[in-house]
Amino acid sequence: MKRILFLTLAVLFLLAAVSTITLCSLGQALPDGRAGEKAEALADRIENAINKDAWDKTAAVSFVFSKRNNRHFRDKKRDLVEVEWGEDPVYKVQYSNQDRSKFLAWQGTDRLEGQDAADLLDQAVKYHTNDYFWLNPYSMLRAPGTVRKLVGEQALLLTFQSGGVTPGDSYLIITDENGLPRRWQMWVSIIPIDGIEWQCTEWVTSDTGAKLNLQNVGSLATIGLDQVRTWSAYPGKNEDRFAELLPLLEARE
């Protein structure tokens, strides 16, 4: 029995060691770059290529994060979020980014309260923070706490020194001659491989004119987005999906 246990532990140790060596061999060092006018000029070209002005004017967007089939709706103007996931039952949470203590949570058709609702809120925020990042990461080149550096002629290195959930993360965006991102690399705390690369393979123009990449093909996984729709005004003539949440926000005031 002791011999079997010893052999099992030895095999597990060997597998862990091989995995660690493999991950390290796949990693790449963070490149050096130079801040200044040329880096800012490339950031301008990227923002022009993706039509950031159109994205900033987009009132609302909905999309599905394919990997987990998470369904998202974000009212960008009012900073309200709805996240749905699961099938049987369906979980749904609505909240405001301005005050997440004001939220609603459902399991199927049942409204949840107390700790059950709070747990769903935490899950919804985690899902949306991750999934929304993949929708348009190139719109955040000048987010607060971001340092921009030029690498070569057509690559922009971003380092988030503060803000977000993982300050210190870096991203290298490699563009074409017009500034449109074609591939990018990550040095982030949640991924053990330094410099993991993704190819931008499905650029589309949204209803509001913003360009979005819906397919990121990586060496270990593909991150895709489906059913993307944008609104130039919301709710407009649409039924307001946040009608039940709004009284809570008004009570806050």
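The values are calculated or read from the model by the stated rules, or taken from the named source; none is laboratory data. Small disclaimer: the values here were computed from a predicted structure and weren't measured. Glycine also receives a Cβ, built like all others from the backbone with ideal geometry; neighbour counts cover every protein chain displayed.
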Selection from the range 195-208 of residues touching a residue at least 40 places away in the same chain (Cβ under 8 Å) and not polar (S, T, N, Q) yields Gly195, Ile196
Exception for Leu212 within (1) outside any strand (DSSP E or B); (2) under 14 Å from the mean Cα position of the chain (by Cα) falls at (1)
Of the residues in the range 107-122 that are out of contact with any helix residue (DSSP H, G or I) (no Cβ under 8 Å at 6 or more places or on another chain) and surrounded by 16 or more Cβ atoms within 10 Å (Cβ to Cβ), the one that is farthest from Phe65 (Cα to Cα) is Ala117
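Okay, residues lined up against (1) in contact with a Phe, Trp or Tyr (Cβ under 9 Å, 6 or more places away or on another chain); (2) under 19 Å from Asp131 (Cβ atoms); (3) free of Cβ contacts under 8 Å to residues at least 12 places away in the same chain:
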| residue | (1), (2), (3) |
| --- | --- |
| Gly152 | no, no, yes |
| Glu177 | no, no, no |
| Leu180 | yes, no, no |
| Ile193 | no, no, no |
| Ala210 | yes, yes, no |
| Leu225 | yes, yes, no |
| Trp231 | no, yes, no |
| Glu244 | no, no, no |
| Glu250 | no, no, yes |
Residue hits (the range 64-76; out of contact with any Asp or Glu (no Cβ under 7 Å at 6 or more places or on another chain) and assigned to a strand (DSSP E or B)) are Arg74, Asp75
Just one listed residue, out of Lys52, Lys77, Lys57, is within 23 Å of Glu244 (Cβ to Cβ) and either among the hydroxyl-bearing types (Ser, Thr, Tyr) or at pLDDT 95 or above (or both), and it is Lys77
Residue count, the range 104-148, condition in a helix (DSSP H, G or I) and among the charged types (D, E, K, R), comes to 5
Here the residues within the range 164-187 that are of a type outside the set (Ser, Thr, Tyr), touching a strand residue (DSSP E or B) at 6+ places or on another chain (Cβ under 8 Å), in a loop (DSSP other than H, G, I, E, B) and surrounded by fewer than 17 Cβ atoms within 10 Å (Cβ to Cβ) are Pro167, Gly168, Asp176
